[in-house]
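Below: one structure in structure tokens.
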């Protein structure tokens, strides 16, 4: 392999190492300003948008042992990688692509499993990472809160019983 191609493969491989997912998009009719807008939206999720050559991506993906995506490597291809919130990134992409009607998701990979365009759209409908963490924290704190209430109820009922006996006996 020529040194310049080897460098490009290493660069794409470094991009792929940034996250456990990669989304491939056809950016055929997107303008430079729209690309800058998309990059700004993705930056909020620590994700990146990179234009790649299909052959270079195919080699880098093969080296990283990603699923075979060769049937989707035709036409202009951009990769979206980075960050820890694939659902949030999928939300940004599906909304952007739906609004612009110019760009289209091709395929994705999440945890070394290929995702169809439809599966990416389902992923986009999931709550964001922060929301899922809040829900999990709420679920984990509910049993503890219930236990505290039960444990507190016993002394409280004993205290109420004693106060009622003292009132019945004529004392305050």
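Values in this text are rule-based calculations from the coordinates and carry no lab data. None of the values given here were measured: they were computed from a predicted structure. A quick note on method: Cβ atoms are made from the backbone with ideal geometry, for glycine too, and the neighbour counts reach across all protein chains shown.
So what's the back-of-envelope 222 nm ellipticity for the chain, counting only DSSP H runs of four-plus at -39500 (n - 2.57) apiece and dividing by all residues, rounded to 500? If you can, show how the numbers build up before the last one.
On the way: 6 runs with 100 residues, N = 172.
The helix contribution divided over the chain gives -19500 deg cm²/dmol.
Related question: Report the extension gain between residue 165 and residue 2 in nm, rounded to one decimal, defined as 0.36 nm multiplied by the number of residues separating them, less their alpha carbon distance.
Details: separation 163, 0.36 × 163 = 58.68 nm, distance 9.36 nm.
Computed gain between residue 165 and residue 2 is 49.3 nm.
Please list the equivalent ellipsoid semi-axes of the chain, computed as the square roots of five times the alpha-carbon gyration tensor eigenvalues, in descending order and whole angstrom. If you can, show how the numbers build up before the last one.
Values: eigenvalues 627, 60, 32 Å².
Taking √(5λ) for each Cα gyration eigenvalue gives 56, 17, 13 Å.
Ranked highest first by average number of other Cβ atoms within 10 Å, how do 69-77, 51-59 line up? Intermediate results must be reported in sequence, preceding the final value.
Working: 69-77: 15.2, 51-59: 17.8.
The peptides rank, most packed first, as 51-59, 69-77.
In degrees between 0 and 90, to the nearest 10, how far off the longest principal axis of the chain does helix 54-63 point, with axes built from Cα atoms?
50 degrees
By counting other Cβ atoms within 10 Å of each Cβ, how are 35, 94, 145 ranked from fewest to most? Provide the component values of the computation, followed by the final result.
Numbers: 35 15, 94 19, 145 10.
By the 10 Å Cβ count, ascending: 145, 35, 94.
Can you order the peptides 79-91, 12-24 by their average number of other Cβ atoms within 10 Å per residue, highest first?
Numbers: 79-91: 22.7, 12-24: 19.4.
Most protected by this proxy first, the peptides run 79-91, 12-24.
I've got another one for you. So between residue 152 and residue 43, what do we pick up on full extension, going 0.36 nm a residue minus the alpha carbon distance?
Values: separation 109, 0.36 × 109 = 39.24 nm, distance 4.80 nm.
Length gained, residue 152 through residue 43: 34.4 nm.
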